[in-house]
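Data first, discussion second: the structure below is written as structure tokens.
The values are calculated or read from the model by the stated rules, or taken from the named source; none is laboratory data. Computed from a prediction, not measured in an experiment: that's the story for all the values here. Here the Cβ positions follow ideal geometry from the backbone for every residue, glycine too, while neighbour counts run over all protein chains shown.
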Amino acid sequence: MIRKFLIAGAAAGLALTTPLAAQRSSGPSFGITPYAGYIKFGNLVSGPLGTSIRNGASGVYGAEAQLGFNSAISLVGNVAYSQPDLEIGAPLIGGVSVGRSSVLLYDAALRLRVPVTAGLPISPFVQGGAGAIRQSVDLGPASTHSTNFAYNVGAGADVALAPRLGLQLMVKDYIGKFDAREATAINLDTKTSHNWALSAGLRLGL
């Protein structure tokens, strides 16, 4: 999936035929990127015989603030929100919705830009960081919440559209472990899960 995503981003950048001001300052810079996308969650709790409790795939919305130290290294702060269905999964029947979740993801990451041939309007990057996933679950009249630490890794590309405007494409994996004890007061054995987000946004340079 990551390979196909980056190839699509590169093709979009190379398809731009108008001259673009793609030069990047070697000094400090600041930008904001509102974005939208799609996120596929991993299991919250894995039960016997292939059963699970999980969030269904859903839309995700968020914004990044990016502080560039130079043309290659940036510090990125991110906040994102999703409201998926809470599902019980089982073999053969798939997922059955039993409630609603609200998921808040926030993190900071170090972003490294990959050098490309001078003059191209596309700038690939990779990043890694850490933060938290806060989840609220509504089951009819009952509700609960949990906050757990999460790592994240990502890769993507910026496509320059104008001197202070660009299209950002990214795939990102939030890696965390649901804190079932905080949510239910029961010490369930939960496992580390991967939560994959695919997004596109407009980068606004200030």
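Scanning the range 81-112 for residues being assigned to a strand (DSSP E or B), among the β-branched types (Val, Ile, Thr) and surrounded by fewer than 19 Cβ atoms within 10 Å (Cβ to Cβ) gives a total of 3.
Residues considered: Ile88, Ile133. Of these, the only one that is under 16 Å from the mean Cα position of the chain (by Cα), more than 17 Å from Gly205 (Cβ to Cβ) and of a type in the set (A, V, I, L, M) is Ile133. Among what's in the range 78-100 and is at pLDDT 85 or above and touching an Asp or Glu at 6+ places or on another chain (Cβ under 7 Å), pick the residue that is nearest to Gly166 (Cα to Cα). Selected residue: Asn78. Looking only at the range 32-67, residues that are acidic (Asp, Glu) and surrounded by fewer than 16 Cβ atoms within 10 Å (Cβ to Cβ) come to 0 in all. Residues that are closer than 19 Å to Leu165 by Cα, part of a strand (DSSP E or B) and either modelled with pLDDT under 80 or touching a Phe, Trp or Tyr at 6+ places or on another chain (Cβ under 9 Å) (or both) within the range 113-128 comprise just one, Arg113.
Within the range 170-203, restricting attention to residues that are in contact with a Lys or Arg (Cβ under 6 Å, 6 or more places away or on another chain) and modelled with pLDDT under 90, the residue that is surrounded by the fewest Cβ atoms within 10 Å (Cβ to Cβ) is Asn187. The listed residues are Leu206, Leu167, and the only one of them that is more than 21 Å from Ala132 (Cβ to Cβ) and modelled with pLDDT under 90 turns out to be Leu206. Whenever a residue of the range 106-135 is within 14 Å of Val159 (Cβ to Cβ), its partners that are of a type in the set (Asp, Glu), lying with C-beta atoms within less than 6 angstrom and at least six residues away or across chains, give the pairs Ser123/Asp158. Considering every residue within the range 153-163, establish whether at least one is farther than 25 Å from Ser46 by Cβ, β-branched (Val, Ile, Thr) and modelled with pLDDT of 85 or more. Within the range 153-163 (the criterion being farther than 25 Å from Ser46 by Cβ, β-branched (Val, Ile, Thr) and modelled with pLDDT of 85 or more), the answer is yes, since at least one residue qualifies.
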